[in-house]
Structures are given as C-alpha cells and as structure tokens.
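Laboratory data are not the source of any read-out in this text; all were calculated from the coordinates shown. None of these values were measured; they are calculated from a predicted model. Methodologically, a virtual Cβ is constructed for each residue, glycine included, from the backbone with ideal geometry; neighbour enumeration extends over all protein chains shown.
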Amino acid sequence: MSPEQHRTRQLVWVYTGDLSTDLDAATWLQTAAHLRRQGWELTLITTTADASATGVTQIQGVEVLSLHAPSIWLFGKLIFHARAAALILAQRRTLSAVIFHEMSALWLLPLRLLGRRGPRLVMDTRTLFMAADETTTRKDRLRARYFAAMQWLGNRLAHGRLCITPAMAEACRIPQTKLWGIWPSGVDRETFAVALDSRHWPQHSSPIEIVYIGSLHKERNLSSLCFAVRNANLETPRFRLTLIGDGSERPQLERQVLRSGGAIQLIPPVAHSAVPGLLAQAHVGALPFPDEQKFRVSSPIKLFEYMASGLPILATRIRCHTDVLGDRPYVYWAEGADIEALLDALEQLWRTRFWLSRLGQQAARDATTWTWNASAKRLSDALDAHLPPVPTPLPRAASTGRDQSQLAALKLSRGTDEWI
C-alpha cells in the first residue's frame, strides 16, 4: 500500500506504561516513528502520573499523547483507560484500528459493541509472565491469571492479534484466522554501528572481552556463564566477562567476581545512550539463556544490539536465538545452558579468536534485517493485509480527520474529566 493510501487510515496505539521512564520504551517509540515515516497517521498514547506533563509532548524525539492517571494502580488504570476510550470514541468514525496490550484488553475490548461503526481492535503480545517460581508472590500469581484470561478473551473478541515471534503466537494459542502478523524487536543500527569502528580486537594471547547487558536475574543463567569463564581461565587468563545490569542474582554474582581473580566484573545499569560505548570495548556478546518457554518465545533486543555493534555472539541453542541466527558463522553455540556446554563454546571461541574481526563485520551487515524500520515495515504490512479498504471521502472544506483527531486529543489531555 502506498503512503497516500496510508494517510487515509488512522491508528491509535495504547501503551499502559510511561514511555518517558520505561526501559523498553524504544519498542513503541522507534516503531511509531517509523510507521509515521511510512505514511501512517498514528496517535501513540502513554500514561503519566505528572499532571503537568499531560498532553501532546515529545519523548526521545517522538510525538506522544500523555494522559494523566493517578499512581494508585487499579484506580489509575481505570482512569487512564477511560480517557483513552473516550478519545477513541471521539474519533471512531475516522479510526481504522486500535492497537493495545493485554493489560488494556479488559477496558478496550468492550469497544467491539460499536460493531462496524468502530475501529478494528488489535491485541499485541510482546512478553509472557516472567517471574521465577521460587520468588512468585500472590500478586504475581493473580497477574499471571489476569494475563491468561486476557489472552483467552483476545483470541475470541479482538479483530486481530499481533505477536513478537511465531513461538509467542504458538504459546498464546492464537488461531491462524486471528493472527494478523509477527513483528519482532529491532535496533537503531546507526546508533550502534559506531562501536564497530572504534573497537580494538584481541591480539595474540590477550584476553577476549565478553559482555552481557541486561537483567541479572537467576533465570538468565549468568552464574553458569561465570563458572564457565573461571574454568576456562584455570591455566591461562583467556577471557574477561563484564556483566552490566541489576537483578535478584546480583549478590551471588558478586561472589563470583571475588573468586574470579579479576576476570569478571559487575557494572550497574547504564543509560541506553551509554550502551554503544560499552559494546565498543567488548569482542563478543553473550546470551546464555536456558531453554525455557519464556525465553523461547522472546525476541531479545540485546541480540540485535550486539549484531549492530559488530559483535560475534556466544549463545545457547534455543529457538529465540536460532530463529534469528540460523547457521550464521559469527555465532558460537552452546548446546545447553550448563557449565560444560558453555565451556565448550568458549573453547571454540578461543581457537578461532583471530577471525573475530571478520565475523563481527558480517554480524553488523546482517543487522540491517533487524532494524526498527524493518520491524515497523512488518507491522505495517500486517495491518495493510487485514484492515478493510477505506472509501474515498467526498471533498470537504472542513478540517481533515487528522486535525479533528488532534483537537480531540488536546481537549482530552487538558483535563476534560467530564468525558469519563
């Protein structure tokens, strides 16, 4: 579909978190920016607890509509979704679709009652419930049941479903007739390409620098990776491992640092803008995740960031990695998540260390397939294939639908509480 046709279609995208603070905000901000460049008229809605931040604003250079909601969890969600629903109702004659997460399903799926007078309702799934069994609280269990119920409702009441990976669609048991498309995570390739240009590759017997950036929770299998690095260094210091982030396993990892003889270091979480510089100091990116469903269904952003920065990859052979990397030569596969399998991958890495520069260049080239622009194109194509054609409007002297939608958004964002 051409950009001219896109401009006759308007989308509302509802994000229940705060895009100004959430760590995964790039998924929505970057994709929304690229969808707009591809011709879509898109209103990206986020929440804010700061009443002064209400209204149309810019976050990381992307226009969003911030709706104020109290920080009291359930009451805040109710207020936020009531205001979002009011905005959607005000634009129902011009909107083509509303995209939303499971958290919004209970509040937005009733818009199906509008029938043909309302927009298509499209539920998007990016994650599964991630809490580890030994740390699961009653609140976690209730949250898991809620998401399971919303998945069931979405499969039946939403006009369409979107997912992050094919494995996620299978895990959510989405009927093929409901599955509109798959759009994975992505990367801003230009931002991370600077790391490749400034990297100094290992020479002769100098240690290989391995990096992991992300959460430091037990299920990430980082202790096994630390043990593997320590075992690989028993005779000669061949590897150095840097773990960047925070999480429940940090105390155990700190003990690994003390016993590593300087081969392992922990760095607190850093701003996303600092990540390319840290990757420039590394030679290999690590993804040691176990073969569990919550990882199999994912589309790890760090994998694409490693690739875009020109890093070969050390990864476990699980579906979220194999679906992207396949038989690429720049990946060093660990056939399991245990220490021995990770140690075998490290030994293979050491034997071929003089190829790392060339392998990194190939990884950087492959990253062009996994940019946010490419991901937005997949989402755009999915919407194109399933949204009904829009009739050509009669000529009018009045303002355009975009003008009207912006006016409605501004009215709502300025505190028109009577709408709810």
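General remarks:
- In this simple spin-label model, placing a label point 7 Å from the Cα along the Cα-to-Cβ direction at both Asp384 and Arg250 gives a separation of 4.5 nm.
- For the chain, the 222 nm mean residue ellipticity estimated from helices alone, with every DSSP H stretch of n ≥ 4 adding -39500 (n - 2.57) and the total spread over all residues, rounds to -12500 deg cm²/dmol.
- Here segment 226-244 is scanned for amide nitrogen atoms under 11 Å from the site 7 Å beyond the Cα of Trp355 along Cα-to-Cβ, giving none.
- Per-residue ³J(HN,Hα) for segment 57-62, Karplus 6.51 cos²θ - 1.76 cosθ + 1.60, θ = phi - 60°, Hz, x for Gly and Pro: 9, 10, 10, 6, x, 10
- Each residue, Leu106 and Leu89, gets one label point 7 Å from its Cα in the Cβ direction; the gap between the two is 2.0 nm.
- Seen from His283, the other residues with C-beta closer than 11 Å to its C-beta sum to a net charge of +2, counting Lys and Arg as +1 and Asp and Glu as -1.
- Straight-line reach from Lys302: taking Cα to Cα under 25 Å and skipping same-chain neighbours fewer than 8 places apart, the lysines in range are Lys218, Lys294, Lys377.
- Cross-link partners of Lys178 among aspartates and glutamates (Cα-Cα below 20 Å; sequence separation of 8 or more within a chain): Glu102, Asp124, Glu170, Asp381, Asp384
- Segment 174-183 - phi-based ³J(HN,Hα) in whole Hz, Karplus 6.51/-1.76/1.60, Gly and Pro as x: 6, x, 4, 5, 9, 6, 7, x, 10, 9
- Shown is the FRET efficiency for Leu153 and Arg328, computed with R0 = 41 Å from the Cβ-Cβ distance and rounded to the nearest 0.05: 0.55.
- J(HN,Hα) series, segment 12-18, from Karplus relation 6.51 cos²θ - 1.76 cosθ + 1.60, nearest Hz, glycine and proline x: 10, 10, 9, 10, 7, x, 10
- Simple spin-label estimate for Leu23 and Thr136 gives 2.2 nm between the two label positions (7 Å along the Cα-to-Cβ direction from each Cα).
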